[in-house]
Amino acid sequence: MAQHILRQVWSALSTLNPNDVRAMAGQGVLVGLHGRDENGFAGMEEFFCPPELSRERRLELLDHLLRAGELKAPARFDLEIYEEGMPRPNGTFAFYWRDPMRTVELILESRDSLALPLARLFPPFRKPVAERIIHRVSKENALFAMATALPDIIPSLVELPWAVGQFASDTAFLTVNQIRMAFLLAAASDREVGYGNQRAEIGSIVAGAFGWRAIAREMVGKVPFGGGLIPKAAVAYAGTYVAGKALERWYREGYSVSRHERKHAYQSALDKGKRVAAELLAGLRQRSEA
């Protein structure tokens, strides 16, 4: 059985190209800063390009973070940020001195297409972008785990990143989607992306797939419609979430979570996964009744 599932995983990996993630993360982004004076410009630059970065790295980032109005500044920017209190046009963002992460969150809420390149370039974006990636992929896996038990609904699952019919089992889909998550998290952390560069991470994800399968089997018994879907989807959510948090810690700090942290994170994610699964199930039932 293990060899059969592994063959499915390796086959499914043919649908996943890390070059797509590299291209997405490598988009050129030009951020224009609007400040009142030198102190305003310097403060915003220091936030987005922290002083602990190497001189070479900061110079590289400042090619993407430009002071509007200077001679070398382009006529148009992908993103414009104004010092708090300055008049600004619609579609631009304020830099909040007391809570600059609020600026980051507002940008990510309205410019999702720029999230990955912004995270790759500017450290303040990395953790919130990683959180979004982890939650989104965990939710996708929960949805798939639930939908495979409701075959009449599968064709309408446009939210999923691949055509469902390409996967012979939950385990194959969940595993490949976690590997996709690993590519996205590496890119958001300005790390190398690819099968060769991420051998250890991919091996850990594949090994963990069998643990998810065993837990899901244990939790989901013969129960009425919907009753067994929520724990199954919650396990898929929690397993993916914990894998994502471990990867994010590794890319950010250079070491993974401890066994105690993993256990605590899993229980917390399982509780959240049950809430997410209940919401997904309600949506699937409405869709099936429409």
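Values in this text are rule-based calculations from the coordinates and carry no lab data. Fair warning: this is a prediction, and the values are worked out from it, not measured in the lab. Virtual Cβ from ideal backbone geometry, glycine too; neighbours counted across all protein chains shown.
Taken along the Cα-to-beta-carbon direction at a fixed 7 Å, the label points for GLU56 and ASP99 span 3.9 nm. Peptides 19-26, 240-247 ranked from most to least packed by the mean count of surrounding Cβ atoms within 10 Å: 240-247, 19-26.
For GLU279 and LEU71, what does the FRET efficiency come to when R0 = 51 Å and r is the distance between their Cβ atoms, rounded to the nearest 0.05?
Working: r = 52 Å, r/R0 = 1.02.
Here the calculated transfer efficiency is 0.45.
Shown here for segment 21-75: GluC sites (Glu not before Pro) in loop regions (DSSP other than H, G, I, E, B) with at most 16 other Cβ atoms within 10 Å, namely GLU52, GLU70.
Which values, in whole Å and largest first, are the semi-axes of the equivalent ellipsoid of segment 247-290 obtained as the square root of 5 times each eigenvalue of the Cα gyration tensor? Provide the component values of the computation, followed by the final result.
On the way: eigenvalues 227, 31, 5 Å².
For segment 247-290, the ellipsoid semi-axes come out as 34, 12, 5 Å.
Of the trypsin sites (Lys or Arg not before Pro) in segment 62-117, the ones in a loop by DSSP (not H, G, I, E or B) with at most 15 other beta carbons within 10 Å are LYS72, ARG76, ARG98, ARG111. Each 10 Å bin, from zero up to the one with the longest distance, holds this percent of the alpha carbon pairs of segment 31-118: 16, 53, 30, 1.
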